[in-house]
Amino acid sequence: MEDLEKIKQENEIIAFKADYFVPISVESIKNSVFESNFEQELVFMNKEEDWFDEAEKKGALCFSFDNYKNKIKQIIQHHHFEIDLSEKNFPGWSILSSVLPMNSVILNDGYILVDSDGQQIKDNLIPLLKGIFEHKRNNLCQVNILTHKLFNNGLDSTENLKSDAEKKLSILNRAFGNYSVKFCIINNAIHLSSKKYTFDFHDRQLCSNFHIIESGKGFNLIPHKVSNSQVISTTIFNLYTYKRLKNLRKIYQAYLGQMMKRDNSVTFDYVGKISN
């Protein structure tokens with residue numbers, strides 16, 4: 001407990017979590033991590049443990065007393081940045097490569113699967129996700145893509161949407177055949193037609209367990225067109241982001257839970273195995 005108090009004094013995120021989620025004594029932290037299903041798990045140990053790599057494959061973020069300062073510093077240096085889209089040169093999706101563990105990704109963008117001239121999946125969504133997963137390709141991760149526009153040429157119709165979504169799902173499954181990633185495509189426009197769903201999914205976001213990437217213009221940025229928008233990347237090691245990500249994931253998970261209760265036999269509610 002003395003070590004915990006020292007860490008709390010040095011890091012406001014840890015202090016916040018420890019004050020509002022009082023640590024519970026367990027016989028084995030290792031067993032607790034591997035036997036539980038978690039959304040956002042931070043593990044702090046006195047020393048580096050030989051099971052840290054396996055825990056991070058499951059989605060936990062692990063620290064030792066000796067490395068937590070440098071590890072958090074490296075995460076901030078790697079993941080906290082802004083891209084000004086009014087600049088002529090966009091650095092490309094490799095800039096979004098992630099060193100963070102994750103078992104869940106929620107991508108909300110109504111047009112990310114349109115796949116037409118100027119916004120193709122092979123140039124945007126696929127390299128974006130491969131950048132994020134490249135260093136963690138063996139980590140099992142559920143990717144829920146919330147979208148509603150599958151074509152940009154008027155071909156969308158109530159009858160075709162489900163089969164069109166299944167075709168887009170096949171494209172993703174083929175592209176990530178060598179990754180431990182499972183996809184589900186969810187209609188994020190249902191809330192617009194029913195008072196039962198009170199969420200407004202206006203902004204385009206990618207939320208993982210510890211990380212948010214936001215793009216006001218959306219994630220179809222290649223080929224690049226100068227705009228007044230920007231891409232912002234930050235993690236839970238910013239207190240504002242910690243609170244925001246907690247709220248966002250709660251909203252998304254509530255929506256996914258409601259979608260799972262719907263009759264999905266005909267209309268495009270979702271394709272793939274939905275998970276929240």
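The values are calculated or read from the model by the stated rules, or taken from the named source; none is laboratory data. These figures come from a predicted structure and were not determined experimentally. Cβ placement follows ideal geometry from the backbone for every residue including glycine, while neighbour counts extend to all protein chains displayed. Note: areas computed on protein heavy atoms with side chains; ligands, DNA, RNA excluded. Shrake-Rupley method; radii C 1.70, N 1.55, O 1.52, S 1.80 Å.
For GLY59, state whether it is under 25 Å from SER275 (Cβ atoms) and either under 23 Å from the mean Cα position of the chain (by Cα) or in contact (Cβ under 8 Å) with a residue 60 or more places away in the chain (or both).
Values: under 25 Å from SER275 (Cβ atoms): yes; either under 23 Å from the mean Cα position of the chain (by Cα) or in contact (Cβ under 8 Å) with a residue 60 or more places away in the chain (or both): yes.
Judged against the criteria, GLY59 is a match.
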**Asked** How many residues does the stretch 62-79 hold that are in contact with an Asp or Glu (Cβ under 8 Å, 6 or more places away or on another chain) and in contact (Cβ under 8 Å) with a residue 60 or more places away in the chain?
**Response** 1
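How many of the residues in the stretch 242-266 are part of a loop (DSSP other than H, G, I, E, B) and either touching a strand residue (DSSP E or B) at 6+ places or on another chain (Cβ under 8 Å) or of a type in the set (D, E, K, R) (or both)? Please lay out each step first, then the result.
So the first thing to find is which residues in the stretch 242-266 are part of a loop (DSSP other than H, G, I, E, B), and the list is 261-266.
If we keep only those that are either touching a strand residue (DSSP E or B) at 6+ places or on another chain (Cβ under 8 Å) or of a type in the set (D, E, K, R) (or both) too, we end up with 261-264.
Residues meeting the conditions: 4.
Can you go through GLU82, GLU54 and tell me which one is in contact (Cβ under 8 Å) with a residue 12 or more places away in the chain, closer than 17 Å to GLU39 by Cα and not in a loop (DSSP other than H, G, I, E, B)?
On the way: GLU82 fails: closer than 17 Å to GLU39 by Cα.
After ruling out the rest, the residue left standing is GLU54.
Out of the residues in the stretch 142-162 that are in contact with a Gly (Cβ under 6 Å, 6 or more places away or on another chain) and either part of a loop (DSSP other than H, G, I, E, B) or modelled with pLDDT under 60 (or both), which is farthest from ILE121 (Cα to Cα)? Give the steps one after another, and end with the answer.
Filtering the stretch 142-162 for residues in contact with a Gly (Cβ under 6 Å, 6 or more places away or on another chain) gives 147-149.
Next, only the ones that are either part of a loop (DSSP other than H, G, I, E, B) or modelled with pLDDT under 60 (or both) stay: 148-149.
Numbers: HIS148: 15, LYS149: 13 Å.
Top of the filtered list is HIS148.
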**Message:** Regarding the stretch 231-241, can at least one residue be identified that is at pLDDT 95 or above, open to solvent by less than 30 Å² (accessible area, probe 1.4 Å) and part of a helix (DSSP H, G or I)?
**Reply:** yes
**Prompt:** For the stretch 78-120, what are the residues that are at pLDDT 95 or above, of a type in the set (S, T, N, Q) and open to solvent by 50 Å² or more (accessible area, probe 1.4 Å)?
**Reply:** SER86
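Could you tell me whether the stretch 247-257 includes any residue that is in contact with a Lys or Arg (Cβ under 9 Å, 6 or more places away or on another chain) and open to solvent by less than 10 Å² (accessible area, probe 1.4 Å)?
Our first condition is that a residue be in contact with a Lys or Arg (Cβ under 9 Å, 6 or more places away or on another chain); within the stretch 247-257, this holds for none.
Within the stretch 247-257, not a single residue is in contact with a Lys or Arg (Cβ under 9 Å, 6 or more places away or on another chain) and open to solvent by less than 10 Å² (accessible area, probe 1.4 Å).
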**Request:** Return yes or no: is LEU221 open to solvent by less than 10 Å² (accessible area, probe 1.4 Å), touching a residue at least 12 places away in the same chain (Cβ under 8 Å), more than 14 Å from ILE145 (Cα to Cα) and in contact with a Phe, Trp or Tyr (Cβ under 7 Å, 6 or more places away or on another chain)?
**Result:** yes
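Check ILE212, ILE190 and return the single one that is of a type in the set (A, V, I, L, M), crowded, with 17+ Cβ neighbours inside 10 Å and within 14 Å of the chain's Cα centre (by Cα). Reasoning before the result, please.
Values: ILE190 fails: within 14 Å of the chain's Cα centre (by Cα).
Only one candidate qualifies: ILE212.
Being modelled with pLDDT under 95 and within 30 Å of PHE237 (Cα to Cα) narrows it down to one residue among GLU134, GLU166; which is it?
On the way: GLU166 fails: within 30 Å of PHE237 (Cα to Cα).
None of the others qualify; the one that does is GLU134.
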**Asked** Within the stretch 175-186, is even one residue crowded, with 20+ Cβ neighbours inside 10 Å, under 20 Å from THR267 (Cα atoms) and at pLDDT below 90?
**Response** no
